[in-house]
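The values are calculated or read from the model by the stated rules, or taken from the named source; none is laboratory data. Everything numeric in this text was worked out from a predicted model, so none of it was measured. No Cβ is skipped: glycine too gets one built from the backbone with ideal geometry, and neighbour counts run over all protein chains shown.
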Amino acid sequence: MKVLAVEDSREIAVSIRDFLSREGYICELAYGFEEAREKLALFTYDCILLDIMLPDGNGLELLKFIKKEQIQSSVLILSAKDALDDKISGLEGGADDYITKPFHLPELHARLRAIYRRNRLAGSNMVSFNEITLNTDTLEATVNDIVLDITRKEFELLLYLVVNKNRVLSRQSIAAHLWGDYTDNLANFDFVYQHIKNLRKKISAANGADYIATVYGLGYKFNATSA
Amino acid sequence: MKLVDKFSLWFIGVMIFITPITAYICYYNLEKNINKAEITHLKELNVRMADRLSRGEAVNAIAPKGTNLEVVKLATALPQNRVQVQKTDNLEEDSKGMLSLLTVHSYFDIKGQPYRISSYNYIPSAKQIYSVILDTVFWKLLLIIFCVAITIRLVSQRILHSLRTTIKIIQGFNVKNRVQFSSSGTREFKELNSFLQKMTDKAVDEYCAIKEFSENASHELQTPLAVLRNKVELLSETAIEEEQALLLGDMQNAIEKLSKINRSLTLLAKLENNEYTVSEQIKFCKIAKDVLAAYEDRIEMKNISVRTEIDKGILLKIHPVMADMLMNNLLGNAIRHNVQDGSIELTLTQKQLTVKNTGLPPVMPTEELFQRFKKSNQCSESVGLGLSIVKQICEVSGFSVSYQYRNQQHILQVDFQPRTREEVKLNRQDNRTPALA
């Protein structure tokens, strides 16, 4: 996948590139409005990560440009403002999704994958890894062709883990992924732990391998390399 | 009470206070002058009679019967006081007491013979003067009060016009918009208007500054936070020891908390700035159900039994984002501070929303928990802004919120149509009476 990250903060841009390049994505960076426009005119990308506040222009203007030039890339807006107006005008302007800073990199990745599946892979709704297959439309998960009896949250968790396989997923990032805004008042770690526990139990009940490992002190990891 | 009424009352009060004093002065002067004039007149008459006597006229010729003169030859010597005045009330012939009889006795020595010449006349009695003055004063007062009441109203329309316009402008004042006060001919109003003009301009300026600040702070803090979070995430994927993993885990916790505090504070600033004003009504019941659904899995995990009583078609004038946050905070708290196998009771009617939950008893007065960064457990993981946000949302939306702990239950109640202060006061008194009895 080829990604253009339009982000004025170099540190964030580099983090995004580092994270995505480990997935084998080609990630190019643009630190400003003009630079991004030049790149868009010359190259094609599968997905554009777009910061709204740019030193030399507004990301929403760039979105207008993308739509006007009929550039076929998907657009994921990154913004430090969680102001509702920005969200609405971004999505109305043709963006595919919206994520608020400070975001978790695995979350960004998961959203990017979701957009990619929708727009590029002709709406393919299947995500599979070894014996595990996830249908993102029906929210059905199968292991060795056995349909797992899992809840919606457990499905979302499994999808998040599979998409971010071989990555350390912090409990915070999992909580943010599962519950979004509805996490602020809760001690989420216990809930994350219980969801993980249940999920492991259900996968092993269907004779699936135990891919999910606890990373001491940090969180969890979906080990693609383990037996 | 209206300003006009206050002025009128004071004016009338002063009139009522002054009137008896003036009435007394009037009465006193009138009586004194009537007496004085009459006494002088009678004295002169006596002197003239004495003249005639000394010229040798007969007593009978001077004071025949039926006149108001009397001449008496005295057998005794002349008294020290040559003129004596005598005033008699309650005359037999005047049953109504309207008259007094004023008699002036003058003593003369005419050709060696002492005489007493007395002349008398009827004058209005003190009682009569008094009643006339009282009558006059009464009508005068009535007329003044009537005229004052009417004219002060007509005049105040004109004089207080400027004040009324100013009040109207202030009532409609919102820190988002600048307002212009009109000029006035009255000095006090001119001062008031220019003061208000300065104050509102300043408020608008401060608002703009604070808005800019909160927006900037939010943006400026979010970016380094994002950098920090992402770098720690990248770092945690490198080959690290357990010891370092623990450190990174703590850092992640701290970053999480920091970002939550930042978001909450920005939100509070936005709420205070009235950035979420709405004119449309939304279906609150739907939002309540949605938020409940978002917490479903966690409610289940803590094995909390939930009883809901949500009426249908509840329309409230509140911004959807705020409605969501309100429910989110209330329900989040009810779950967080609950015990394993506890219970939550959610009642939503058009009038109020009540969230009751089991939990440990509060360690401080419940109302204090609405303050920022006040937590029932100071070392807990939460930020301590949830209830402040709830309170702020309620204030902005014109709701009232209360927090009580009763029967081992935490009860948070939001009144959508809070009663006015008078009603509450009345109600309190009603409650007090049976308690006393």
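Overview of values
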| read-out | value |
| --- | --- |
| Subset of the range B:304-335 [of a type outside the set (Ser, Thr, Tyr), more than 20 Å from residue A:183 (Cβ to Cβ) and more than 10 Å from chain A (Cβ to nearest Cβ)] | B:307, B:309, B:310, B:311, B:312, B:313, B:314, B:315, B:316, B:317, B:318 |
| Single unsatisfied condition, residue B:83 versus (1) closer than 18 Å to residue B:120 by Cβ; (2) exposed (fewer than 12 other Cβ atoms within 10 Å of the Cβ) | (2) |
| Residue B:134 being of a type outside the set (Ser, Thr, Tyr) and either within 30 Å of residue B:272 (Cβ to Cβ) or surrounded by 14 or more Cβ atoms within 10 Å (Cβ to Cβ) (or both) | no |
| Residue check, residue B:256 under 24 Å from residue A:104 (Cα atoms), of a type in the set (D, E, K, R) and assigned to a helix (DSSP H, G or I) | yes |
| Odd one out for residue B:183, checked against (1) within 14 Å of chain A (Cβ to nearest Cβ); (2) polar (S, T, N, Q); (3) not in a helix (DSSP H, G or I) | (1) |
| Any helices (runs of 4 or more DSSP H) falling wholly within the range A:10-97 and containing at least 3 residues that are within 14 Å of chain B (Cβ to nearest Cβ) and touching a helix residue (DSSP H, G or I) at 6+ places or on another chain (Cβ under 7 Å) | A:10-21 |
| Residue check for residue A:170: of a type outside the set (Asp, Glu) and either over 18 Å from the mean Cα position of the chain (by Cα) or over 29 Å from residue B:239 (Cα atoms) (or both) | no |
| Strands (runs of 3 or more DSSP E) completely within the range B:332-418 that count 2 or more residues being loosely packed, with under 15 Cβ neighbours inside 10 Å | B:400-406 |
| Check on residue A:19, touching a residue at least 24 places away in the same chain (Cβ under 8 Å), over 19 Å from residue A:73 (Cα atoms), buried (at least 18 other Cβ atoms within 10 Å of the Cβ) and in the same structural domain as residue A:64 (by TED's automatic domain parsing) | yes |
| Qualifying positions in the range B:271-285 - away from every other protein chain (no Cβ under 14 Å) and not in a strand (DSSP E or B) | B:272, B:274, B:279, B:280, B:281, B:284, B:285 |
| Residue check, residue B:268 touching a residue at least 40 places away in the same chain (Cβ under 8 Å), aliphatic (A, V, I, L, M) and more than 8 Å from chain A (Cβ to nearest Cβ) | yes |
| When residues of the range B:286-303 are limited to those that are in a loop (DSSP other than H, G, I, E, B) and at the interface with chain A (Cβ under 10 Å from one of its Cβ atoms), the one farthest from residue B:400 (Cα to Cα) | B:302 |
| Residues of the range B:224-262 classified as facing chain A (nearest Cβ under 7 Å) and either on the phi > 0 side of the Ramachandran plot or not small (Gly, Ala, Ser) (or both), total | 14 |
| Elements of type strands (runs of 3 or more DSSP E) in the range A:131-227, at least 3 residues being closer than 22 Å to residue A:22 by Cβ and away from chain B (no Cβ under 14 Å) | none |
| Out of B:288, B:217, B:323, sole residue that is touching a Phe, Trp or Tyr at 6+ places or on another chain (Cβ under 8 Å) and either touching a residue at least 12 places away in the same chain (Cβ under 8 Å) or of a type in the set (A, V, I, L, M, F, W, C) (or both) | B:323 |
| Residue check for residue B:220: part of a helix (DSSP H, G or I), more than 7 Å from chain A (Cβ to nearest Cβ) and either of a type outside the set (Phe, Trp, Tyr) or under 16 Å from residue A:221 (Cβ atoms) (or both) | yes |
| Count - residues of the range B:296-312 that are in contact with a strand residue (DSSP E or B) (Cβ under 9 Å, 6 or more places away or on another chain) and buried (at least 16 other Cβ atoms within 10 Å of the Cβ) | 4 |
| Single residue of the range B:1-19 satisfying the filter (in a helix (DSSP H, G or I) and without any contact (Cβ under 8 Å) to a residue 40 or more places away in the chain) that is surrounded by the most Cβ atoms within 10 Å (Cβ to Cβ) | B:5 |
| Hits in the range B:80-95 - residues which are in contact with a Lys or Arg (Cβ under 9 Å, 6 or more places away or on another chain) and modelled with pLDDT under 85 | B:89 |
| Hits in the range B:224-241 - residues which are within 16 Å of residue B:261 (Cβ to Cβ) and without any contact (Cβ under 8 Å) to a residue 12 or more places away in the chain | B:224, B:226 |
| Hey, residue B:355 under 27 Å from residue B:271 (Cα atoms), under 40 Å from the mean Cα position of the chain (by Cα) and within 11 Å of chain A (Cβ to nearest Cβ) or not | no |
| Matching entry among B:40, B:76 (being loosely packed, with under 14 Cβ neighbours inside 10 Å and under 30 Å from residue B:135 (Cα atoms)) | B:40 |
| Qualifying positions in the range B:307-331 - of a type in the set (Val, Ile, Thr) and either closer than 26 Å to residue B:362 by Cβ or part of a loop (DSSP other than H, G, I, E, B) (or both) | B:308, B:314, B:318 |
